[in-house]
Amino acid sequence: SFNFRSKDKLKPFYDLVMSITAEELGHVELVSHAINKCLRGSTSYKEPDSTPLGSAKDARLSYHFLAGAQGAMPFDSTGNPWTGANVFNSGNLVEDLLHNFFLECGARTHKMKVYEMTDHPAARAVVGFLLVRGGVHVVAYAKAIEVATGVNVTKLVPIPSLNNKSFSEAKKYEEKGVHTKLYTWSESDFGAIDQIWKGTHPEDNLPLEVIQGSPKGFPIPVAPAVEEEFAPGISPEDFKEIAKRLKMAGNITD
């Protein structure tokens, strides 16, 4: 979006990129909270000689324990960190749209596999939701390429299938029409996406809808302390003392 050329002339495409970018940033936060939830309770506080982090040695990716205090980290599932190499921007509108379409299709494949790997309720809840919203992005880029080139790319959908009926955590969102809505994430800007996000959904022929603004959010979950990650530097008693000082300073009430 920063490098987008001819924004005025190509405004519907720029608005589409901005809309999906804003949503994807929200998805990063959503996945981070899910990872925190999945890792919660995997260890418990004990004295250092009692190996409170002993279970981490058998973890497929132990960096969450060694460097991240059991929180989300900007790595892929094998521990490769995100870098500038993850960003693709050729400067050619059609090529960029096609690349994004390809990435969204691949991401859907990965989400389906992750869903089938775990029955953790937090993981499935998030992946189910992302299957639906990722499907929106697949269709959005397909329609954008069609507007730009005249080629009906929606005929390539599904690659893979956009059908979510086998995923209970995704199906419930589709029943609410979540898969037909695209948000501007602004009360006044980026409304030109209605020149792309129009017509019907290729999966069930329901009418597509542009929503000016953002969907209703939810409170950010509060993650509890993980004292064993800081032993012997900060013990539970230390946390109590810090909280006591903050309370005296008037920064917290409880």
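Each residue in the range 70-97 was checked for being of a type in the set (Gly, Ala, Ser), within 24 Å of His33 (Cβ to Cβ) and touching a residue at least 60 places away in the same chain (Cβ under 8 Å), and 1 pass. A Cβ distance below 6 Å, combined with a sequence gap of six or more or placement on separate chains, defines the contacts here; from the range 28-43, residues that are outside any helix (DSSP H, G or I) reach residues that are surrounded by 15 or more Cβ atoms within 10 Å (Cβ to Cβ) in the pairs Thr43/Pro52; Thr43/Leu53; Thr43/Glu228. Screening the range 167-203 for residues that are under 18 Å from Ala142 (Cα atoms), among the hydroxyl-bearing types (Ser, Thr, Tyr) and free of Cβ contacts under 8 Å to residues at least 60 places away in the same chain and picking the one that is surrounded by the most Cβ atoms within 10 Å (Cβ to Cβ) gives Thr180.
In this structure, Ser32 does satisfy being within 21 Å of the chain's Cα centre (by Cα), among the polar types (S, T, N, Q) and surrounded by fewer than 17 Cβ atoms within 10 Å (Cβ to Cβ).
A quick yes/no check of all residues on (1) among the charged types (D, E, K, R); (2) surrounded by 15 or more Cβ atoms within 10 Å (Cβ to Cβ); (3) in contact (Cβ under 8 Å) with a residue 24 or more places away in the chain; (4) in a loop (DSSP other than H, G, I, E, B):
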site	(1), (2), (3), (4)
Lys111	yes, yes, no, no
Glu116	yes, no, no, no
Arg124	yes, yes, yes, no
Val138	no, yes, yes, no
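For the range 61-101, residues that are among the aromatic types (Phe, Trp, Tyr) and in contact with a helix residue (DSSP H, G or I) (Cβ under 9 Å, 6 or more places away or on another chain) total 4. Ser6 satisfies every condition listed in (1) part of a helix (DSSP H, G or I); (2) at positive phi; (3) of a type in the set (Gly, Ala, Ser) except (1).
Ser235 - would you say it is among the polar types (S, T, N, Q), at pLDDT 85 or above and out of contact with any Gly (no Cβ under 6 Å at 6 or more places or on another chain)?
no
The set of residues from the range 66-94 being loosely packed, with under 10 Cβ neighbours inside 10 Å and either touching a strand residue (DSSP E or B) at 6+ places or on another chain (Cβ under 8 Å) or not in a loop (DSSP other than H, G, I, E, B) (or both) comprises Gly84, Ala85. Within the range 201-227, the residues that satisfy the criterion of being within 22 Å of the chain's Cα centre (by Cα) and part of a strand (DSSP E or B) are Glu209, Val210, Ile211.
The values are calculated or read from the model by the stated rules, or taken from the named source; none is laboratory data. Source: prediction; values computed, not measured. So basically every Cβ, Gly included, is an ideal-geometry build from the backbone, and we count neighbours across all protein chains shown.
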